Amino acid sequence: MSTAVVPLPAGRSRRLRRPWLPDFARAAAIVVAGAVLGSVADALSPAPLNVFDLHGPGAPPEKAPRVTVEKFRRWWKSRAVGGNRSLLILDARNKELFTEGHAPGAVLMPPSPAEEFAAAWRAAADLLEDAERVVIVCDSEACRRADLLAKKLEAFGVRHSVVLEGGWEAYRAAGLPVKTGARP
């Protein structure tokens with residue numbers, strides 16, 4: 001079986017089979033030119049944007065200082081004996097996980113969404129001011145919410161926060177007390 005070659009009508013070429021291609025090329029050229037001009041204008045600006053700054057406002061959080069479970073256990077025991085509020089535990093997990101189990105006295109403070117963080121901040125502002133130590137708990141060591149919360153707290157002036165190494169998994173494995181329900 002042979003296939004016949006069908007010639008194109010006169011005046012038409014194979015390039016015109018994709019009529020969108022010239023428009024796409026023009027649009028791509030405009031986008032590239034805009035990006036180049038914007039970058040040059042930003043570089044020449046007296047106050048350039050931190051678009052490529054790895055430590056700017058949109059940057060992923062760096063790892064916050066950590067505290068081992070053993071050291072945390074000592075802090076916990078001194079708190080239980082003394083009955084003071086010098087140790088504040090912030091739980092960076094979501095409300096459902098907090099309700100399933102959390103450290104007694106822990107305050108739920110998810111770093112996002114912004115509305116939940118703002119409400120938790122207002123509720124815990126006095127506790128944060130009085131606390132000598134702030135320990136942030138998240139799911140595990142891989143959970144970045146604790147680092148994000150530490151970065152947000154630092155932006156609000158709380159410079160004495162640390163993240164529990166290993167997170168909630170390590171807390172549970174250490175046999176520390178657990179409370180369920182929505183209340184601390």
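Observations on the model:
- Failed item, numbered, when Pro177 is tested on (1) over 22 Å from the mean Cα position of the chain (by Cα); (2) part of a helix (DSSP H, G or I): (2)
- Residue tally, condition of a type outside the set (A, V, I, L, M, F, W, C), at pLDDT 85 or above and in a helix (DSSP H, G or I), over the range 35-71: 2
- The number of residues in the range 90-136 being part of a strand (DSSP E or B) and of a type outside the set (A, V, I, L, M, F, W, C) comes to 3.
- The set of residues in the range 111-145 that are within 21 Å of Pro177 (Cα to Cα), in contact with a helix residue (DSSP H, G or I) (Cβ under 7 Å, 6 or more places away or on another chain) and buried (at least 19 other Cβ atoms within 10 Å of the Cβ) comprises Val134, Val135, Ile136, Val137, Cys138.
- Sub-7 Å Cβ pairs linking a first residue in the range 102-121 that is at pLDDT 85 or above to a second residue that is polar (S, T, N, Q), at least 6 apart or interchain, are Pro110/Asn94, ordered by first then second residue.
- Filtered by the rule that a residue be at pLDDT 90 or above, assigned to a helix (DSSP H, G or I) and surrounded by fewer than 19 Cβ atoms within 10 Å (Cβ to Cβ), the range 155-174 gives Glu169, Ala170, Arg172, Ala173.
- Some residue of the range 82-105 being under 16 Å from Val158 (Cα atoms), of a type in the set (Asp, Glu) and in contact with a helix residue (DSSP H, G or I) (Cβ under 6 Å, 6 or more places away or on another chain): yes
The values are calculated or read from the model by the stated rules, or taken from the named source; none is laboratory data. All of these numbers come straight from a predicted model, not from anything done at the bench. Every residue, glycine among them, receives a Cβ derived from its backbone with ideal geometry; neighbour counts consider all protein chains shown.
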